[in-house]
1. Can you name every residue in region 23-47 that is surrounded by 15 or more Cβ atoms within 10 Å (Cβ to Cβ) and without any contact (Cβ under 8 Å) to a residue 40 or more places away in the chain?
2. Please specify each residue of region 48-59 satisfying the condition of being surrounded by fewer than 13 Cβ atoms within 10 Å (Cβ to Cβ) and closer than 22 Å to residue 20 by Cα.
3. Going residue by residue through region 69-76, is there one that turns out to be in a loop (DSSP other than H, G, I, E, B), surrounded by 15 or more Cβ atoms within 10 Å (Cβ to Cβ) and free of Cβ contacts under 8 Å to residues at least 60 places away in the same chain?
């Protein structure tokens, strides 16, 4: 899977958690400010990444995971591809 394909897969997954359409989720839209996400949704995003990609991103990184770009970067970093 290319990084672009992975980013689009993440967009769809995160959009589902945030209950928005994938095309509404921009690369740097803030999950909390722009999409009204709460901490439970952030934890659900991490759980889905773990399940789908078999990559565990520590919950301690949650404050930094504020948009699609930062989540994708964390996924790459923790999967050893970043």
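Only the coordinates and a few stated rules stand behind these numbers; no lab work does. For clarity, every value in this text was computed on a predicted model and none was experimentally measured. No Cβ is skipped: glycine too gets one built from the backbone with ideal geometry, and neighbour counts run over all protein chains shown.
1. 29, 31, 34, 35, 37, 41, 42, 44, 45, 46 - these are the residues of region 23-47 that are surrounded by 15 or more Cβ atoms within 10 Å (Cβ to Cβ) and without any contact (Cβ under 8 Å) to a residue 40 or more places away in the chain.
2. Once the filter is applied, which keeps residues that are surrounded by fewer than 13 Cβ atoms within 10 Å (Cβ to Cβ) and closer than 22 Å to residue 20 by Cα, region 48-59 yields 51, 52.
3. Within region 69-76, not a single residue is in a loop (DSSP other than H, G, I, E, B), surrounded by 15 or more Cβ atoms within 10 Å (Cβ to Cβ) and free of Cβ contacts under 8 Å to residues at least 60 places away in the same chain.
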